[in-house]
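Engineer: One structure follows; several queries about it will come next.
The values are calculated or read from the model by the stated rules, or taken from the named source; none is laboratory data. As the structure is a computational prediction, the values presented were derived from the model and not from experiment. Methodologically, a virtual Cβ is constructed for each residue, glycine included, from the backbone with ideal geometry; neighbour enumeration extends over all protein chains shown.
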Amino acid sequence: MIRTLSETVIIPIAGIILTFVLCYELITMIIEKNNMADFDTFNLFKWIFKTFVAVFILTHTFDLVMGVFELAQTVVNGSAEVVQNSMDLELAMENLAEQLEAMEVGELIGLYLESAILSLAMKAISICVFLIIYGRMLEIYLTCSLAPIPFSTMVNKEWGHIGNSYLKTLFALAFQGFLIMVCVAIYAVLLQSVTASENVHSAVWSLMGYTLLLCFSLFKTSSLSKAIFGTH
């Protein structure tokens with residue numbers, strides 16, 4: 001749907017912008033050297049080549065955009081396999097079950113009340129994590145829907161910074177998934193240390209703290225990714 005909407009509504013506007021940019025560059029190229037007195041014919045061939053490249057980029061905008069996200073998806077899939085192989089919660093859960101079996105009824109009731117309170121907080125945190133992840137997806141869709149406009153400016157020296165900035169933003173959005181996988185991997189390691197703890201009460205509260213840390217880390221992945229790729 002996003003691709004169809006962009007090709008129907010945005011590409012015609014991008015075509016107008018591209019026409020303006022190319023005409024502006026042609027006029028500038030002709031008059032920049034002594035008001036046409038020193039015009040080099042080779043510059044005309046350069047302009048024709050630039051026009052070809054600009055039209056190619058504009059007509060293959062979504063192929064280029066999907067190429068960026070396929071590259072990022074390959075990285076994310078590779079990191080997911082590493083994270084999955086490093087997670088071994090079965091032994092830790094067995095240790096936790098043994099501790100619960102050794103506890104008295106009074107301790108179990110107290111632990112149940114603690115868990116009930118923390119369960120409500122965890123549900124609220126889960127909603128925040130859900131909003132962060134789906135908010136990132138919505139941001140990706142919105143950014144991709146306007147791709148033809150910045151891509152139409154990339155071949156021009158004066159206007160090219162728009163396309164370059166957009167391309168950096170695109171890479172930043174695409175590689176947020178990798179940063180999210182890193183956050184999940186760290187959370188999994190911390191979770192193993194929690195379930196291996198000898199004190200169940202402190203383990204429950206540590207789990208709450210680590211989940212809050214995960215939520216905060218997921219929130220920071222956007223600004224961190226943009227900072228790495230030099231977007232503003």
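Residue-wise test of (1) at pLDDT below 70; (2) under 27 Å from PHE151 (Cβ atoms); (3) touching a helix residue (DSSP H, G or I) at 6+ places or on another chain (Cβ under 8 Å).
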| residue | (1), (2), (3) |
| --- | --- |
| GLU25 | no, yes, yes |
| LYS33 | yes, no, no |
| ASP38 | yes, no, no |
| ASN43 | no, yes, yes |
| THR74 | no, yes, no |
| SER79 | no, no, yes |
| GLU98 | yes, no, no |
| VAL105 | yes, no, no |
| LEU111 | yes, no, yes |
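Engineer: Consider THR4 carefully, then state whether it is of a type in the set (S, T, N, Q), modelled with pLDDT of 75 or more and under 28 Å from the mean Cα position of the chain (by Cα).
Structural biologist: Here the answer is no, as THR4 does not meet what is asked.
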